[in-house]
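The structure appears below as structure tokens.
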Amino acid sequence: MNGVTTVSLIGVGGQGILLAEAVLAEAASAEGLHVKASEVHGMAQRGGSVVSTVRFGDHVWSPVSPNRADVVIATELLEGHRGLRLLEPGGALVCAATTKILPGSVLRREEEYPQGLEAAAVQRGVRLLAVDAEGLAREAGTVRAVNVVLLGAASTLLPFGESSWARALTAAVPEKIRAVNERAFALGREAAGRSG
Amino acid sequence: MIEAMPKTLFLMGNEAIGYGAVRAGAGFACAYPGTPSTEILETAATLEGIHAEWCVNEKVALETAVGASRAGVRTIVTMKHVGLNVAADPLLTLTETGVNAGLVIVVADDPGMNSSQNEQDSRNYAKFAKIPMLEPSDSQECYDFMAEAFALSEEFDTPVLLRSSTKLSHGRGQVVLREPLAVTPPEYQKDLAKHMMVPQWASLRTQFLLHRLQRLRERAEETPLNVVEPGTRDVGIIASGVVYQYAREAFPDAWFLKLGLSHPLPYRKVAELYEHVSRVAVVEDLDPFIEEQVRMLGLPVIGKEAIPANGELDQDIVYRSLAPRLEESPAGGERPRPVFPPAPNIVDPPRPPGDLPVRPPVLCPGCRHRSVFTVLRRQKMAAMGDIGCYMLGADPPLNALDSSLCMGASIGMMAGFNKALGQKAAAAVIGDSTFFHSGITGLISASYNEADGLVLILDNRTTAMTGHQGHPGTGVRPDMTQGPSIDIQRLCDGIGVRCTTVDARDYPELAAAVKAEAKAPGLGVVVAQAPCALLVREKAGTVVVDEERCNLCGLCLDIGCPAIMPGDDAVSITEACTGCGLCVEVCKRGALTLAPKEVAP
């Protein structure tokens, strides 16, 4: 893809995919890179499966990159399975390993919640970084920070300096919830450093 | 009654359309008046066997017509050219849903602006909406084409445009009346994939309508409405509508391709004309609609460089503008060969992989408007939905909506449906912001026409789906300052519609109001008020499960709250619970209780 890196963020509407996308885009901007992103708004956000994509590099033409991501950040386990399909072989999936939000069809027992993310990742030739994002988010101060914990974990895979991430968090996160998100980011980054 | 009818009447084109609609079995007609279309509905109103009503505007008229068509009654809706702009929103989605009983939209253009502010060419809407357009050329055809229009509408599951123009609508001619057609009304069937135009179904209907257009073009090739008429001169003329009559009189010796079904254009019929003559002209008023398509086939043609592109035509203008061109000697050489455009690539919409559970959007936890659906689905009414998050009420387990067409369409559709069936068989479900967008006009129209109906306005005090913007009911401006707000209850009072406003968080009160209004005669509104759950920052508490009492009966699961999960022995409540308490109200075993909780962070 000519020096363009694609990161997709996948989760359930309401999990803060757009905020994570904004932080990521700000970080890439802080690195002086050209950035494009595409996001989902409207009805699809209401508890549905949501995907955002951020692309950065020397120059980015298209804002989308269907099924050709280098890194996928998944804020829920089933969405992690879905996120595997968005990855190029050799890519990495950063997934919330303990967050399960059952869709209606599973609640109604029409479909089964998938198992074996690790095996599926191996089969696809994708590196899996499974993080207890929910536990770390609670530790940071709110379970709602799963998105930013995972972004912290994914930051270890992305070529951005720490100061760029710090600037991005300042730029993209509202002040009221910034401190808790800074803690969440740090905890995620630390956890990934340990497992990596 | 047949015996009493004179065999031949001397009718205005508009009158002939009215007679023709009734002869073709139309039982419902609606319109907003507009010159030169007005007399169609006025004529229908004088005839037996058809209900005719004025609607508040052309958009509501088309939505009302859609309701009547769904109910199984052949329906005609009429308007002038600029009226079709007003009706464009329902039209452009109606082309996706198609019809049940035939639905014909008659649009009367006004070249020359005899009584209009512009002279737009309505044929562009046929192309835009990818639907067939019929163009009668005299009063008899106005009468006869109605039967063709309804048959096409039902066979191809499409709305049909029938275009008139001033001199046809207001010109008169003899019309031989024919035997009325025996029509079997199709019954209404709930069919979300056809009627609920949310993305996953609308994308499939888009495929359908693109394929339908291909099949319609084949029909245009075969139909006797499109005919090559031999002449004795080496000149061919393509024409439709009353302009055909002008051209025929101006050039009686020419060959003609007369188009009665002018969209989609029959390419092979066009090519056939070129086999007989070496020079072809398109004679059409206003836009080079046919001419451009002929040029696209790579065929040389005389068009708007000669025939005026504005104003009204007549035979003298046609003769004067075209005759000098035909005096010029034709280009020599081989006959031109048409290049037919290939069929378009119609792709499958992306499908989720089959091995993973889908995760469609759902109504939010804590959204008390879901209780409206749990009450509504027990009323055994068709439920015409609208545009907003509440479209999610169509999905399992709520299964409480039948359709969604376009912004504000629910009330007009309900009114037409109930009027066509003569009973209070349908409800409308519309949000507060959508009601202000264009539900009010539907309600005024339903009130004026004394339609039966139950209108449920889900008032969550915001424009939720787009991200919580203000609207006239809240008075909130884009900069979040407060302006004046309009009260829906008082608005209903003002237009003479019975209205009950209830707190949607009071389940017994809500249920009683909806049930009472569902049974009451006439038209009534229930405004269900509850703030958008996403804007309620404080949790009211959390629901606790008594696992001994829970027998997994499923009543609480049926409200479709994503915070309730079934376990092996009892349901469990996730952190998403806002403590709204609806599940507590629907549980019949007292297995769920609401424990007050501190303020959420």
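What follows draws every value from the coordinates through simple rules; no lab data is involved. Note that this is a predicted model, so its numbers are computed, not measured. All Cβ positions, even for glycine, are placed from backbone atoms using ideal geometry, and neighbour counts span all protein chains on display.
If I model a spin label at B:T206 and A:H59 as a point 7 Å from the Cα along the Cα→Cβ vector, what separation in nanometres do I get?
It works out to 3.1 nm between the two label points.
With charges only on Cβ, +1 for K and R and -1 for D and E, what is the dipole size of chain B about its Cα centre, in debye, rounded to 20?
The calculated dipole for chain B is roughly 960 debye.
Short version: ³J(HN,Hα) in whole Hz for each residue of the stretch B:90-96, in order, from phi by Karplus 6.51 cos²θ - 1.76 cosθ + 1.60 (θ = phi - 60°), x for Gly and Pro, what are they?
So the J values, rounded to whole Hz, are x, 4, 6, 9, 4, 4, 6.
Spelling out what I want: for every residue of the stretch A:178-187, take phi, set θ = phi - 60°, compute 6.51 cos²θ - 1.76 cosθ + 1.60 (Karplus), and round to whole Hz; glycine and proline get x.
Result, ordered by residue: 6, 4, 5, 6, 5, 5, 4, 4, 4, 5 Hz.
List the residues of the stretch A:157-174 whose backbone N lies under 13 Å from a point placed 7 Å from the Cα of A:R127 along the Cα-to-Cβ direction.
Label zone hits: A:157-159.
For the stretch A:2-28 and the stretch B:365-383, what is the separation of their Cα centres, given in Å?
36 Å
In terms of modelled amide H atoms, which long-range or inter-chain residues lie less than 5 Å from the amide H of A:G16?
none
State the Cα centre-to-centre distance between the stretch B:498-555 and the stretch A:120-196 in whole Å.
Their Cα centres are 40 Å away from one another.
In whole Hz, what ³J(HN,Hα) sequence does the stretch B:417-433 give by Karplus (6.51, -1.76, 1.60; θ = phi - 60°), x for Gly and Pro?
Going residue by residue, I get 4, 5, 5, 5, 8, x, 7, 7, 9, 10, 10, 10, 10, 9, x, 5, 5 Hz, with x marking Gly and Pro.
Sticking to Cα atoms, compute the Rg of the stretch A:87-196 to one decimal and its Dmax as the biggest Cα-Cα distance, whole number, in Å.
Here Rg and the maximum Cα pair distance are 15.5, 48 Å.
Let me know the volume per residue of the alpha-carbon convex hull for the protein assembly as shown, in Å³. Kindly include the intermediate steps, with their values, before the conclusion.
Details: hull volume 153.2 nm³, N = 797.
So the per-residue Cα hull volume is 192 Å³.
When Lys and Arg each count +1 and Asp and Glu each count -1, what net charge do the other residues less than 13 Å away from B:C550, Cβ to Cβ, add up to?
Residues near B:C550 contribute -2 overall.
Evaluate the stretch A:5-195: find the radius of gyration of its Cα atoms, find its Kirkwood radius, and give the ratio Rg to Rh. Working shown, then result.
Details: Rg = 15.4 Å, Rh = 16.3 Å.
Ratio of gyration radius to Kirkwood radius for the stretch A:5-195: 0.94.
Gap in Å between the Cα centre of the stretch B:412-438 and the Cα centre of the stretch B:66-136?
The stretch B:66-136 and the stretch B:412-438 have Cα centres separated by 21 Å.
Expressed as cubic angstrom per residue, what is the convex hull volume of the alpha carbon set of the stretch B:181-265?
In the stretch B:181-265, the Cα hull volume divided by residue count equals 147 Å³.
Excluding residues fewer than 8 places away in the same chain, name every one of the lysines whose C-alpha is closer than 27 Å to that of B:K130.
Candidates past the 8-residue exclusion: B:K59, B:K80, B:K167, B:K190, B:K194, B:K258, B:K269, B:K304.
Give, to the nearest whole percent, the P(r) tail of chain B beyond 40 angstrom, counting all Cα pairs.
When all Cα pairs of chain B are counted, 37 percent exceed 40 Å.
Pull up all non-local amide H partners of B:H263: gap of 5 or more, or a different chain, and H-to-H distance under 5 Å with H placed in the peptide plane.
B:M133
At a 10 Å Cβ-Cβ cut-off, how would you order A:R124, B:R268, B:R74, fewest neighbours first?
Fewest-to-most ranking of A:R124, B:R268, B:R74: B:R268, A:R124, B:R74.
Mind checking B:570-577 for the average number of partner chain beta-carbons within 10 Å of each residue's beta-carbon?
1
Please report B:C30, B:C492 as a ranked list, fewest other C-beta atoms within 10 angstrom at the top and most at the bottom.
Going from least to most buried by this count: B:C492, B:C30.
Ranked by Cβ crowding within 10 angstrom, fewest neighbours first, how are A:C95, B:C406 ordered?
Exposure proxy ranking, most exposed first: B:C406, A:C95.
Work out the mean other chain Cβ neighbour count within 10 Å for the residues of B:348-358 and drop it here as an integer.
Mean inter-chain Cβ contacts per residue within 10 Å come to 4.
How charged is the neighbourhood of B:E229? Take every other residue with its Cβ under 10 Å from the Cβ of B:E229, and add Lys/Arg as +1 and Asp/Glu as -1.
Neighbourhood net charge equals +2.
Taking amide hydrogens as modeled 1.01 Å from N in the peptide plane, which residues meet the under 5 Å criterion relative to A:C95, leaving out close sequence neighbours?
A:A74, A:L129, A:A130, A:V131
Restricting things to alpha carbons, find the Rg to Rh ratio for the stretch B:226-327 using the Kirkwood radius for Rh.
When Rh is taken as the Kirkwood radius, the ratio is 0.91.
Does the stretch B:365-436 come out rounded, prolate or oblate by the C-alpha gyration tensor, with a ≥ b ≥ c the root eigenvalues, rounded set by a/c under 1.5 and, if not, prolate when a/b is larger than b/c and oblate if not? Kindly include the intermediate steps, with their values, before the conclusion.
On the way: a/c = 2.17, a/b = 1.32, b/c = 1.64.
Because a/c hits 1.5 or more and a/b fails to exceed b/c, the stretch B:365-436 counts as oblate.
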